[in-house]
Amino acid sequence: MLPESIKQLLAEKQAKDSYRSRIVCRPHDSYVEVDGKHYVNFSGNDYLGLAVDTKLQQRWGEVQLNSGSTGSPLINGYHPSHQALEETICDWLGFESCLLFTSGFTANSSILKNLMTNKQHTIVQDKLNHASLLDGGKEANAKNIRFQHNNIAHLKKRLESVDNYKLIVTEGIFSMDGDHAPIDEVIAAKRQHDAGVMLDDAHGVGVFGKQGEGSLSLSNAKAADIDIFTATFGKAVGTSGAFVCGSQQLIEYLVNHARGYIYSTSFSPVLAEMTRIAIEKLRLEQWRRDKLRDNITYFKNILAELSFEMTGSDSAIQPIVVGDNKSTLLLASEMRKQGFWVTAIRPPTVPAHAGRIRITLTSLHSHQQIKAMLFALKESCERLKICQN
Ligand SMILES: Cc1ncc(COP(=O)(O)O)c(C=O)c1O
């Protein structure tokens with residue numbers, strides 16, 4: 001028997017227009033197929049088009065490896081393909097050591113929960129951090145406090161209020177707003193206050209840097225300035241799973257203490273090898289980043305032409321903030337009717353009254369698709385009298 005309360009909790013979600021349901025989607029190129037219909041896909045995180053790359057798809061059939069890892073990593077599930085992937089990542093990003101996790105959510109939450117175990121210590125998180133970081137912080141034994149989004153003065157105030165060890169936790173690119181953390185200022189605050197820094201660069205890795213090294217390449221910071229660096233393979237790398245990088249000591253600690261690592265079957269060796277191949281490909285294929293950058297610039301130009309409110313984002317994530325849930329859902333549905341797949345993002349994923357259409361751009365989009373989508377968005381907003389600035 002399930003708790004009686006779930007019926008009411010689901011009914012409350014319905015009443016607030018915040019009920020979620022799944023839709024079977026099949027991405028191809030810049031399109032997504034839903035119920036036999038094709039829509040231009042502006043909602044995925046495959047920023048470089050690697051998840052749907054036909055040459056990479058052929059490699060999946062050619063990789064002669066076990067489909068399953070057969071165990072958790074400390075039993076017998078640590079395969080040579082996992083080790084090779086960790087080595088590739090260290091070579092790519094310049095960190096001393098690396099550890100793979102089955103997902104970014106598990107990596108972030110396990111690291112914070114199992115590293116921050118001292119009640120005298122404090123986690124200081126950006127208010128808009130991803131749910132995996134916020135949950136990890138809540139579940140940790142340490143104090144968990146937040147600072148206003150990207151507000152360095154507020155971060156410093158928070159750090160000043162803490163005597164013992166503190167870990168600043170922020171993101172390279174924020175997942176719902178697409179803006180950057182001011183990494184140089186975060187590092188300066190870390191130095192000034194003898195703190196540690198954890199950076200989740202899920203949306204920066206692959207996208208920024210000469211070889212897709214991520215958000216650090218936009219700053220003066222070096223890998224050695226970041227104590228804990230996490231990212232997922234589920235965005236620009238185009239596969240799934242995640243990793244954490246840092247010192248050898250950090251990785252040894254996590255191997256011994258991170259329960260989400262120790263007690264979980266390692267992901268498939270085929271996935272590890274395909275992820276390694278995808279990383280090697282994205283390091284070499286600068287044209288994917290150039291195409292994405294060109295699409296972002298084009299998108300922003302048309303956005304300005306159509307007098308949409310500009311956000312601070314110059315990444316692949318471009319939110320159009322609508323406000324209430326009903327209007328956000330209505331706008332997404334209207335866009336789908338016109339052949340564009342966009343997602344309505346509602347609280348609690350974003351703050352209250354900040355529902356939005358989260359548009360994501362990729363290297364697969366054409367200018368024509370971007371322009372048509374923005375004109376449809378403008379026309380829908382005007383007709384429905386929503387999100388008008
Ligand atoms: C910033 C950030 N961190 C972590 C995650 C979780 O990664 P994964 O999808 O691999 O669990 C996401 C993905 O949604 C994210 O946006």
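Miscellaneous remarks
- Going through (1) closer than 22 Å to Lys235 by Cα; (2) open to solvent by less than 10 Å² (accessible area, probe 1.4 Å) one by one, Thr122 falls short only on (1).
- Residue check for Glu160: buried (at least 19 other Cβ atoms within 10 Å of the Cβ), among the acidic types (Asp, Glu) and within 22 Å of Asp225 (Cα to Cα): no
- Count of residues meeting criterion [surrounded by fewer than 19 Cβ atoms within 10 Å (Cβ to Cβ) and modelled with pLDDT of 95 or more] in region 332-377: 12
- Per-region count, region 68-107, residues assigned to a helix (DSSP H, G or I), polar (S, T, N, Q), within 22 Å of the chain's Cα centre (by Cα) and away from the ligand (no atom under 16 Å from the Cβ): 1
- When we screen Asp194, Asp179 for residues that are among the charged types (D, E, K, R), more than 21 Å from Trp92 (Cα to Cα), assigned by TED's automatic domain parsing to the domain that holds Asn141 and within 16 Å of the ligand (Cβ to nearest atom), the only hit is Asp179.
- Failed criterion for Tyr39 (all others in (1) within 23 Å of Ser240 (Cα to Cα); (2) at pLDDT 95 or above hold): (1)
- With respect to (1) away from the ligand (no atom under 15 Å from the Cβ); (2) at negative phi; (3) not hydroxyl-bearing (Ser, Thr, Tyr), the lone exception for Lys113 is condition (1).
- Total residues in region 305-325, condition buried (at least 19 other Cβ atoms within 10 Å of the Cβ), within 26 Å of Asp290 (Cα to Cα) and of a type outside the set (Ser, Thr, Tyr): 6
- Count of residues meeting criterion [more than 16 Å from the ligand (Cβ to nearest atom) and out of contact with any strand residue (DSSP E or B) (no Cβ under 9 Å at 6 or more places or on another chain)] in region 19-47: 5
The values are calculated or read from the model by the stated rules, or taken from the named source; none is laboratory data. All of these numbers come straight from a predicted model, not from anything done at the bench. Here the Cβ is made from the backbone with ideal geometry for all residues, glycine too, and neighbour counts use every protein chain on show. Areas reflect the complete protein model, heavy atoms only, side chains present, ligands, DNA and RNA absent. Shrake-Rupley method; radii C 1.70, N 1.55, O 1.52, S 1.80 Å.
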